[in-house]
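Q: Structure in structure tokens, see below.
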């Protein structure tokens with residue numbers, strides 16, 4: 001009898017839970033797709049529904065079913081193309097639409113061409129049914145995809161933290177630095193360029209007096225250091241002017257100061273690998289326990305398949321903080337690179353508004369749930385790194401999208417002929433030589 005009572009009680013609680021979630025569903029709008037299919041197009045193969053979902057997954061499935069039933073629409077998630085081809089697929093569709101309804105996700109470095117050539121519809125156009133001020137929209141993506149007040153692309157949720165500085169606790173302690181002070185400085189706003197360089201000076205040493213440095217200040221991705229330094233000093237590489245034209249801003253005092261600082265730090269304190277080493281030499285160097293800091297992407301610290309999750313040497317323990325703020329910056333900055341959802345510019349305003357609204361439901365939060373963003377991050381990174389650094393760098397005020405992505409990939413536009421060459425030149429000289437190439441890209445984007 002007790003078992004039966006317990007089973008009945010569990011069923012009743014589940015029913016109450018489901019009912020509570022249903023009550024939290026958004027108010028129904030007067031929208032009817034008439035049984036049409038709406039394709040959500042990815043450049044990867046989206047996950048199918050699980051045969052044995054968790055309760056949260058089942059609640060999402062139930063909500064998705066409600067969306068389809070309520071608005072008389074059949075939603076199909078599909079892989080439309082791959083990373084390099086989906087932008088072309090979109091442009092071809094706009095040139096020869098077949099009547100299907102679509103929303104498409106693009107890598108951020110492929111949005112520029114479609115945006116400049118009128119292939120993208122406005123998410124905030126006439127009769128819009130969404131409010132882009134709502135909390136679940138990604139502010140940095142909305143800002144990135146806004147041109148002259150028109151929003152051409154969105155995404156939901158927080159940005160993924162990107163560039164950061166990992167630190168080897170044992171090496172800091174051996175240099176007489178309590179590693180907790182790095183977190184403390186980040187928390188109280190004193191984690192600056194000067195503070196970072198002072199630590200590098202203290203860490204780097206020739207331990208056996210043979211004239212060869214044995215412990216280096218840091219290693220890692222040079223271009224990530226340079227880009228984060230620019231944005232963390234209140235600078236940028238490209239931005240809109242007062243007339244709505246995209247222009248070069250890498251020549252500002254803030255940007256040039258940051259590039260000069262990054263060049264100096266790299267030359268004086270970075271392990272740069274042996275001559276002829278592979279481009280990713282720094283990954284092995286970090287594992288070998290002779291570098292105090294590691295400039296890298298945050299996913300290295302919580303990806304099971306990456307170097308943090310595979311063959312790290314036994315005994316290495318590390319923390320993670322933001323790139324320090326520059327003298328002209330006002331906060332720590334995470335230079336983001338988030339996927340962008342767009343709507344082909346082939347529909348009337350009413351249809352576009354309906355597609356945008358359904359996307360906002362489908363990819364928005366499930367009623368009754370908060371974003372479970374931590375996942376497996378505690379597996380490899382300490383609690384302060386997760387709770388303080390990762391948590392902070394997700395927030396909109398710490399996120400900046402690089403408008404370089406309108407013109408192409410980071411490596412092609414900012415790396416080649418500019419950031420990659422910085423160790424052997426000066427920022428001003430490289431900017432002068434790179435300007436004609438950049439100006440040609442800008443003219444194409446601006447419609448000249």
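Any read-out appearing in this document is the output of simple, stated calculations on the displayed coordinates, not a laboratory observation. Model, not experiment: these values are computed from the prediction. Every residue, glycine as well, gets a Cβ built from its backbone with ideal geometry; the counts of neighbours run over all protein chains shown.
Q: Spin-label point model (7 Å from Cα, Cβ direction): what's the residue 65 to residue 126 distance in nm?
A: Calculated label separation equals 3.9 nm.
Q: For the chain, what does -39500 (n - 2.57) per DSSP helix run (n ≥ 4), summed and divided by total residues, give at 222 nm, in deg cm²/dmol to the nearest 500?
A: -10500 deg cm²/dmol
Q: Say we join alpha carbon atoms closer than 10 Å with springs in a Gaussian network model of the chain; which of 226, 55, 288 then has the biggest fluctuation?
A: Looking only at 226, 55, 288, the largest GNM fluctuation is found for 55.
Q: Using 0.36 nm per residue, how much length does the chain from residue 247 to residue 439 gain when fully extended, once their Cα-Cα distance is taken away?
A: 68.3 nm
Q: Can you tell me how region 317-440 classifies by the Cα gyration tensor, rounded, prolate or oblate, using a/c under 1.5 as the rounded cut?
A: Note, shape of region 317-440 comes out oblate.
Q: Here's another thing I want to ask about it. Please give, to one decimal in nm, the separation of the simple spin-label points placed at residue 347 and residue 446, each 7 Å out from Cα toward the Cβ.
A: Each label point lies 7 Å from its Cα, and together they span 3.3 nm.
Q: Taking semi-axes √(5λ) of the Cα gyration tensor in Å straight from the coordinates, which label in (1) 42, 31, 18; (2) 40, 26, 19; (3) 36, 27, 20 is the correct one?
A: Correct label, based on the coordinates given: (1).
Q: Taking 0.36 nm per residue of separation and subtracting the Cα-Cα distance, what length does fully extending residue 429 through residue 77 add?
A: Gain on stretching residue 429 to residue 77: 121.9 nm.
Q: For the pair residue 31 and residue 379, how long in nm is the line joining their label points, each one 7 Å along Cα→Cβ?
A: Output for this residue pair reads 3.6 nm.
Q: Taking a ≥ b ≥ c as the square roots of the Cα gyration tensor eigenvalues, with a/c under 1.5 meaning rounded and otherwise prolate when a/b beats b/c, else oblate, which class fits region 15-173?
A: oblate
Q: Sticking with this one: Which percent, nearest 5, of DSSP beta bridges in the chain are antiparallel?
A: If we restrict to bridges inside the chain, about 50 percent are antiparallel.
Q: Here is a follow-up. Go ahead and set up a Gaussian network model of the chain, Cα springs under 10 Å, then flag whichever of 163, 424, 217 fluctuates most.
A: 424
Q: Multiplying the sequence separation of residue 275 and residue 170 by 0.36 nm and subtracting their Cα-Cα distance, what value in nm do you get? Write out the running numbers ahead of the final one.
A: Working: separation 105, 0.36 × 105 = 37.80 nm, distance 2.77 nm.
My answer for the length gained is 35.0 nm.
Q: I've got another one for you. Using Cβ counts within 10 Å as a stand-in for footprinting exposure, how do 294, 39 rank, fewest first?
A: Ascending Cβ contact count within 10 Å gives the list 39, 294.
Q: Additional query: Quick one: give the max-minus-min coordinate of the C-alpha atoms of region 392-443 along each principal axis, largest first, in Å.
A: Computed over region 392-443, the largest-to-smallest principal extents equal 36, 28, 16 Å.
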